[in-house]
Amino acid sequence: MYDQNGFDNNGVYHYSCVPQHSDPWEQPQQSPAPPQPPKKKKGGAGKVVALVLCCALAGGGAGVGGAAAFNALTDSSKGEGETIIYRNETDPTAVKVKQADGLTPMSLSEINAAYADSCVCISVQAIVQQGYYQYQASGAGSGFIISEDGYIVTNYHVIDGAVAIKVTLNNGESYDAKLVGGEELNDVAVLKIDGVSGLKPVVLGDSDDLVVGETVCTIGNALGTLSFSMTSGAVSATGRSVTMSDGTVMNMIQTDCTINSGNSGGPLFDSYGRVVGITSAKLSNNGQSSQATIEGIGFAIPINDVIDIITDYMQYGYVTGRPSMGITVAEVTQEYQQVFGWPAGVYVNDVEAGSCAERAGLKKGDIILKLDDTEVTTTNELSSAKNRYKAGETAQLTVYRMGEEITLTITFDEQVNNTQEQGQAQDPAPQPTANGGDSYGYGYGNEYPYGGFGGDDYFNSFPWSYFFGR
């Protein structure tokens, strides 16, 4: 049953509608609003209000901050239908500058704040000989400050063949730099800028302590134009043997930290902000390129492998204890083995007067077959075998001479001037001669036939422009 207002015993309203039109497209007249049901008892309403108030208090306590932010940014005067854009702001983060102590891990922002001023951008100028023409070339790389008075470490291939070197600091100041010493064998060089003091050097760490998965980062001159860029990643492997673009096999730290062209020579920081490696982009890509094209793989020279070399260059200008034989050599190719019946080995082109090789009885035209028990058939093999010794140590040379093998005893000299320069014959290195007697000319030299700027970042100004990454 319904009461006079249409409500049943449960308080539900019932109504009926009689259509007043037959046209389906004609808008029907709006039905009047139904009358309000009778009010419930006061006690029930009080419970509902209390429940709603309790929920509002619980929700408001959790979202008071967000509500305040939105209230502050909402323009209550906007009219209905207008678009409102919400924006929130946070206080700028202040990064505390602290020194690496090897005890406290540092965040990437802390490392950048502390040691960006310890990194440098390096630009070089060189003269490139191509056939009958000479071209002006320029290149770029990275480096890091190792002493307050201006000593800087970088890769050798960054400055190889340069006639002018300029270093730019993070504050924008640029200085002319001189080459103190460097070598291709370990791809490390030391530069010096004068007239400065109070520079901030990096803190060196122990690369032997690195573990796979540890966070590392680098700051460098990416692509030669994006100066002081930081990239980060993790150590992917340690003790990795890597073949460089010149064929040298080096012990490297592998990381997925991005190391682009122009990053060569920059510092690799560990998670404590210490330099544990020198980044290098001079990676062989199946012998076709000096720049790795595989994403997620970068390499750095462990600092422990070169720290003695660096300190020797700073203190003496050369690497102490480095053995020298005092000879220039070339490889015996298969062609000459077939034509002359020579064995595979390293041909002696010249013997320096007064050298340990001369004192040992080595002669021009000899073919070195062994150094102690190590067989040598290439100049790199002879160099690697020799570098296992120190100056003053003694070894046995097995030599082929005039159809027979003889044994000589050699006591290595110290290689005093071991700074490599473009076009300078190294010991040992191919340096064939064209003369008669027992010395035979091989018809090639130890330089690229078209000259070339030593390094993997350079720009040829004429007749075409090229950019190769260091």
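A short reminder: the numbers here are calculations on the coordinates, not readings from a lab. Fair warning: this is a prediction, and the values are worked out from it, not measured in the lab. For neighbour counting, all protein chains shown are included, and Cβ atoms are generated from backbone atoms with ideal geometry for every residue, glycine included.
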_Can you give the FRET efficiency to the nearest 0.05 for Ile127 and Glu173, using r as the Cβ-Cβ distance and R₀ = 30 Å?_
0.65
*With a/c under 1.5 counting as rounded, go ahead and sort the range 323-414 into rounded, prolate or oblate using the C-alpha gyration tensor (a ≥ b ≥ c being the square roots of the eigenvalues; past the cut-off, prolate if a/b is larger than b/c, else oblate).*
prolate
_Suppose a student asked you for the relative contact order of the range 108-316, using Cα pairs under 8 Å spaced at least 6 residues apart; what percent would you report?_
20
*Label-point gap, in nm, between Lys200 and Val416 - each point 7 angstrom along Cα→Cβ*: 4.1
_Ser109/Tyr316 FRET efficiency (R0 45 Å; Cβ-Cβ; nearest 0.05)_ = 0.70
*Give me the number: length gained by fully extending Thr407 to Lys363, i.e. 0.36 nm times residue separation minus the C-alpha to C-alpha distance, one decimal in nm.*
14.6 nm
*In Å, the Kirkwood hydrodynamic radius of the range 108-316 over pairs of distinct alpha carbons?*
16.8
_Spacing of the two label points (7 Å from each Cα toward its C-beta) at Glu89 and Ala234, in nm_ = 3.8
*Starting from the Cα of Ile307, step 7 Å along the direction of its Cβ; do the same at Thr333; then give the gap between the two resulting points in nm.*
4.5
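Between Val249 and Asp101, what length comes free when the chain is fully extended (0.36 nm per residue of separation minus the Cα-Cα distance, one decimal in nm)?
Numbers: separation 148, 0.36 × 148 = 53.28 nm, distance 3.31 nm.
Roughly 50.0 nm would be gained on extension.
Go ahead and run the numbers for FRET between Phe340 and Ser241, Cβ-Cβ distance against an R0 of 35 Å, rounding to 0.05.
0.50
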*Starting from the coordinates of the alpha-carbon atoms of the range 187-257, obtain the Kirkwood hydrodynamic radius over all distinct pairs and give the value in Å to one decimal.*
14.9
*Within a Cβ distance under 9 Å of Ser197, other residues only, what is the Lys/Arg minus Asp/Glu net charge?*
-2
